[in-house]
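The values are calculated or read from the model by the stated rules, or taken from the named source; none is laboratory data. No experiment lies behind these values; they were computed from the predicted model shown. Cβ sites come from the backbone with ideal geometry, for glycine too, and all protein chains shown count toward neighbours. Ligands, DNA and RNA are excluded from the accessible area calculation, which covers all protein heavy atoms including side chains. Shrake-Rupley method; radii C 1.70, N 1.55, O 1.52, S 1.80 Å.
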Amino acid sequence: MLPMLRRLPRSLSRSFSISTRRAAGAPPAGGHSDEIAKSPLLRTTAASALRTPGLTFDQDEQAGADGERECRKTNLYQAIRDGLRATLAADETAVCFGEDVAFGGVFRCTMGLAEEFERVFNTPLTEQGIVGFGIGMAAMGHTAVAEIQFADYIFPAFDQIVNEAAKYRFRSGGGFNVGGLTVRTPCMAVGHGGLYHSQSVEQYFMGAAGLKVVVPRSPIQAKGLLLAAIRDPNPVIFLEPKILYRSAVEQVPTAAYTLPLSKAEVITPGSDLTLLSYGPPLSTCITALNLLSNPPPPLASHVPERVRQAKVELIDLRTIVPFDIDTIVESVRRTGRLVIVHEAGMTGGVGGEISAEVMKRAFLRLEAPVCRVAGWDTPVPLAFEKPWYIPDAVRILDAVVDTLTY
């Protein structure tokens, strides 16, 4: 573990200016992110894809004669479609529905499914009705996969999700359940969605006991976590980051498989600091760590030589509710430092709940206060969504340096 280092003056933190942000490279204000497309987090070969930790193939999915399994170059929306198709093909009770779903959906995640399965159909524009219908289908024993066209519009269905779906098993004393319900919805920012098409909503469900909330970081993760969510005996909110739909491309196994829910993944092991995130910010965290080890000239004076070799443990939370506190605490007990990054606003966010648990379980092992890097406590702006509202690499670097030098 790093020795105690002198804390950086806050004036240096504030001096990360426009020029330094440009040096770090801001992503374009569009539906594509080069930072994500070129991220080392993506598994671009079949061999690396098949080594994904926790990947479990269905028992009826046989490997080839040589023991190998087929993989295909797939972006995230195609991975979601493959997961939905696998569900519809294997489960005759499965239904998939939502606004424009039969036409392929706004992001093409259900493209062609209605032609193959009559159990894929459109609904009226009524989020409360969509989720209420899904609850009824699940209560009758169906596997119901409902789509809310944008996460920003999940709020009209909030009562159905929180007061009905989440409590259905509890209020019946275990006699009934709607575990067959999965609510899919695109979420987070793309650079130009503004206040009604770029929101992160996961924090609003943190206190809804009975729900699970999942956010994938890549196509392999999306397919495996979606199939696990659909098969889980609890209702699940499955949040799909829009920026990943086309930017994230991997070699994805064509067979059906699952990845574990409520299990964080240690992406990069380390001993000096734990960096925890989920979804698109993970790629930004990688950029920040590259700036830490090799800062460009505009940033070099703000990154002490003695922290540039710090070994940072990067963790993907994956399941937001209930989150894997054991993996987080085990990591923090070793590193003594924790930085949490998420797009959602800081107040009432996921980072606050994790911070409280870490303080309770590992307080005496902490070498520095838990640090949070989040979206600002404002509506997502129509201008400067990136890089000003969403945590960028320089803000994350600032937090990492500040924590290492506390």
(Q) I'm trying to understand the selection: among the residues of the range 319-367, which are open to solvent by less than 10 Å² (accessible area, probe 1.4 Å) and of a type in the set (A, V, I, L, M, F, W, C)? (A) 320, 328, 332, 338, 339, 340, 341, 344, 350, 354, 358, 362
Q. What number of residues within the range 155-186 are touching a residue at least 60 places away in the same chain (Cβ under 8 Å), surrounded by 24 or more Cβ atoms within 10 Å (Cβ to Cβ) and hydrophobic (A, V, I, L, M, F, W, C)?
A. 2
Q. Inside the range 148-165, can you point out the residues that are over 18 Å from the mean Cα position of the chain (by Cα) and closer than 16 Å to residue 101 by Cα?
A. 153
Q) Just to be sure, is residue 311 more than 14 Å from residue 272 (Cα to Cα), surrounded by fewer than 16 Cβ atoms within 10 Å (Cβ to Cβ) and of a type in the set (Lys, Arg)? A) no
Q. Is at least one residue of the range 383-400 part of a loop (DSSP other than H, G, I, E, B), modelled with pLDDT under 95 and surrounded by fewer than 21 Cβ atoms within 10 Å (Cβ to Cβ)?
A. yes
**Q.** Output for the range 187-200, where each listed residue is open to solvent by 10 Å² or more (accessible area, probe 1.4 Å) and either within 10 Å of residue 344 (Cα to Cα) or not in a loop (DSSP other than H, G, I, E, B) (or both)
**A.** 195, 196, 199, 200
Q: Evaluate the following for residue 133: is it within 23 Å of residue 197 (Cα to Cα), open to solvent by 30 Å² or more (accessible area, probe 1.4 Å) and not β-branched (Val, Ile, Thr)?
A: no
Q: Enumerate the pairs (first residue in the range 257-273 and more than 27 Å from residue 367 (Cβ to Cβ) and without any contact (Cβ under 8 Å) to a residue 60 or more places away in the chain; second residue anywhere and open to solvent by 30 Å² or more (accessible area, probe 1.4 Å) and of a type in the set (Lys, Arg)) with beta-carbon separation below 9 Å, excluding pairs fewer than 6 apart on the same chain, so at least 6 apart or on different chains.
A: 261/212
Q. Within the range 243-270, can you find the residues that are open to solvent by 10 Å² or more (accessible area, probe 1.4 Å) and within 13 Å of the chain's Cα centre (by Cα)?
A. 261, 262, 263, 265
Q: Would you check which residues across the range 89-112 are surrounded by fewer than 21 Cβ atoms within 10 Å (Cβ to Cβ), farther than 15 Å from residue 246 by Cα and aliphatic (A, V, I, L, M) and list them?
A: 89, 90, 102
